[in-house]
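Down below is the structure, laid out as structure tokens.
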Amino acid sequence: MISRVLVIGLDCLDPGLVERFLDDLPTLRGLIEAGEFRRLRSVDPPITVPAWMCAFTGRDPGELGVYGFRNRADRSYDGLRIATSAAFRAPAVWDELGRMGLRSIVVGVPGTYPPRPIRGLLVSGFLAPDTDRNYTFPPSLKRRIQEIVGEYIIDVRNFRTQDKAHVIAEVHRMTERRFRLMEALMKDEAWDFAAFVEMGPDRLHHALWAHHDRTHPKHDPDSPYKDAIRDYYRFLDGWVGRLLDALPGDTQVIVMSDHGIQPMYGGIAVNEWLIREGYLALREYPREPARIDDLIAGGLVDWSRTVAWGEGGYYGRIFLNVKGREPQGTVSPDEYDAVRRELAQKLEALTDEEGKPLGTKVLFPEEIYREVNGIPPDLIVYFGGLRWRSIGTVGGGIYWHENDTGPDDANHAPDGVFIASPPLAGRELSLSDIHDLILDLYR
């Protein structure tokens with residue numbers, strides 16, 4: 001009989017890499033041999049925020065009304081706000097277990113800052129600004145964390161840098177401290193459910209993918225960092241093993257990720273494209289590359305002649321300037337869907353610089369979500385099937401081969417990892433199934 005459940009969340013852990021490295025991962029191999037291993041379909045978009053909270057609430061991004069790290073708070077043109085815990089109104093697994101009288105330990109789950117009271121302990125995820133803030137529940141847990149690990153590392157803040165040695169060292173340091181904290185809390189506290197998310201795989205993938213991937217156009221076979229990702233997977237496996245050694249035998253173990261990883265070959269400057277196609281008008285073209293947020297804030301967008309604008313990121317978000325909806329809307333509500341379909345058709349026909357199809361996919365929120373809450377993008381765009389990112393910057397052309405927010409050679413893939421020991425599912429799973437899967441173990 002299962003009396004406890006432990007979820008080890010490894011952000012961006014890739015199923016293909018787990019399979020490839022499995023001979024070097026004795027802990028994960030042992031879990032798989034005693035249980036099951038399958039690919040876990042992420043949500044659309046496969047982004048850390050909101051993906052983890054989709055897993056723990058059982059809701060899709062539309063139901064949650066959270067479509068990325070930043071979301072429109074209102075219909076103004078500059079109303080993007082970082083998603084905090086207040087954005088996630090649906091109860092999470094630990095909330096529902098708390099109502100059943102069960103205690104939880106929750107560490108590092110994205111979407112939990114600022115911390116809200118739970119029956120147990122909570123350490124906020126990586127969007128907490130720093131450890132000077134109140135990032136734990138109860139607040140007194142901060143002092144205890146200091147005693148256990150010293151300086152708690154919320155995230156590797158500057159992982160988009162050319163200093164790869166720094167990233168590797170910081171990721172290892174962060175991972176070690178997170179696992180040490182989890183080990184101590186699970187040992188010293190009474191708990192029925194425990195979940196934590198380690199951001200290390202994501203940060204290392206984005207920072208070092210071209211060094212690892214021989215097929216990447218930027219790959220250097222002589223790079224001193226070409227084995228850094230494999231070495232980190234070994235490091236992770238060791239810490240997972242150490243954590244499992246401290247568990248009682250009646251614990252259900254789940255190791256999972258929110259999405260996978262794939263090479264990123266470039267970026268499409270979505271606003272530059274919209275300008276070229278006549279959908280976005282500027283009062284003045286910038287003399288130097290400028291982010292769309294800065295152009296909007298500076299009053300340089302001519303909304304009276306603008307049909308649509310876009311946001312950069314791992315995926316593209318396009319918003320239409322609709323009459324009666326946006327302050328200076330130009331698109332008639334009667335023409336709204338036709339304009340969207342026209343944009344989608346043109347975007348999916350995009351080619352690269354050599355005229356080869358990119359394989360871009362455009363999604364309509366109302367067609368992919370059970371509900372559409374908050375203020376969604378009018379179009380969700382996966383440039384090149386997410387092998388190209390969306391570049392929000394204007395200036396510098398449509399095609400980019402450098403990220404406008406810092407060095408980054410990888411993008412998210414739609415399949416994450418699901419490992420369970422003992423075996424659980426016996427069926428294909430999506431990320432939003434995890435909530436019910438966990439609760440069923442307590443019923």
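The values are calculated or read from the model by the stated rules, or taken from the named source; none is laboratory data. What you are looking at is a predicted structure, and each value in this text was computed from that prediction instead of being measured. Here Cβ is always computed from backbone atoms with ideal geometry, including for glycine, and neighbour counts include all displayed protein chains. Note: areas computed on protein heavy atoms with side chains; ligands, DNA, RNA excluded. Shrake-Rupley method; radii C 1.70, N 1.55, O 1.52, S 1.80 Å.
By how many nm would the segment from Asn158 to Arg234 lengthen if fully extended, with 0.36 nm per residue of separation less the alpha-carbon distance? Let's see the in-between values first.
On the way: separation 76, 0.36 × 76 = 27.36 nm, distance 2.34 nm.
Full extension of this stretch gives 25.0 nm more.
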Which of [x] 0.97; [y] 1.00; [z] 1.09 is the computed Rg/Rh (Cα atoms, Kirkwood Rh)? It is [x]
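Applying 1/(1 + (r/R0)^6) with R0 = 22 Å to the Cβ-Cβ distance of Glu36 and Asn134, what FRET efficiency is obtained, to the nearest 0.05? Could you put the intermediate results ahead of the total?
Working: r = 39 Å, r/R0 = 1.78.
Rounded to the nearest 0.05, the efficiency is 0.05.
Find the relative contact order for the range 204-344 and round it to a whole percent, using C-alpha pairs within less than 8 Å whose residues are 6+ positions apart. Write down the numbers at each step before the final one.
Working: 127 pairs, mean separation 19.2, N = 141.
Dividing the mean separation by the residue count of the range 204-344 yields 14 percent.
Helix-derived [θ] at 222 nm for the chain: sum -39500 (n - 2.57) over DSSP H runs of at least 4, divide by residue count, nearest 500? Don't skip to the end; give the middle numbers.
Numbers: 14 runs with 139 residues, N = 443.
Rounded to the nearest 500, the figure is -9000 deg cm²/dmol.
What accessible area per residue, rounded to a whole number of Å², is obtained for the chain using a probe radius of 1.4 Å? Each step should come with its number before you reach the end.
Working: 17490 Å² over 443 residues.
Dividing the accessible area of the chain by its residue count gives 39 Å².
Need the full-extension length gain, Glu147 to Ala246, defined as separation in residues times 0.36 nm minus the C-alpha distance. One decimal, nm.
Numbers: separation 99, 0.36 × 99 = 35.64 nm, distance 2.00 nm.
That pair, Glu147 and Ala246, stretches by 33.6 nm at full extension.
If you look for lysine pairs in the chain that are eight or more places apart or on different chains, how many of them have Cα atoms under 21 Å apart?
Working: Lys142/Lys187; Lys164/Lys218; Lys164/Lys226; Lys218/Lys226; Lys218/Lys356; Lys346/Lys356; Lys346/Lys361.
The result is 7.
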Just read off the accessible area of His401 with the full protein assembly in place, 1.4 Å probe, to the nearest 10 Å².
90 Å²
Along the charge dipole of the chain, Cβ charges K/R +1 and D/E -1, which of Pro91, Pro26, His216 sits furthest on the positive end?
Pro91
Binned Cα-Cα distances of the range 122-213, short to long, each 10 Å bin given as a whole percent
15, 46, 28, 10, 1
Only four residue types carry charge here, +1 at the Cβ of Lys and Arg and -1 at the Cβ of Asp and Glu. Report the dipole size of the chain about the Cα centre in Debye, rounded to the nearest 20.
820 debye
Per its Cα gyration tensor (rounded if a/c is under 1.5, else prolate when a/b beats b/c, else oblate), the range 31-162 is best filed as rounded
Computed lengthening from Asp293 to Glu176, 0.36 nm per intervening residue step minus Cα-Cα distance:
38.4 nm
Pop a pseudo-label 7 angstrom from the Cα along the beta-carbon direction at both Asp440 and Asp74 and give the gap in nm to one decimal.
4.4 nm
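Which whole-number percent is the relative contact order of the range 1-80 (Cα, under 8 Å, 6+ apart)?
On the way: 40 pairs, mean separation 13.4, N = 80.
Averaging sequence separation for qualifying contacts and normalising by length gives 17 percent for the range 1-80.
For Asp23 and Gln328, what does the FRET efficiency come to when R0 = 45 Å and r is the distance between their Cβ atoms, rounded to the nearest 0.05? Walk me through the intermediate numbers first.
Values: r = 60 Å, r/R0 = 1.33.
The value I calculate is 0.15.
Would you mind telling me the share, in percent, of accessible area of the range 37-108 contributed by carbon and sulfur at probe 1.4 angstrom?
Values: 1110 of 2390 Å².
Heavy-atom surface of the range 37-108 belonging to carbon and sulfur, 1.4 Å probe: 46 percent.
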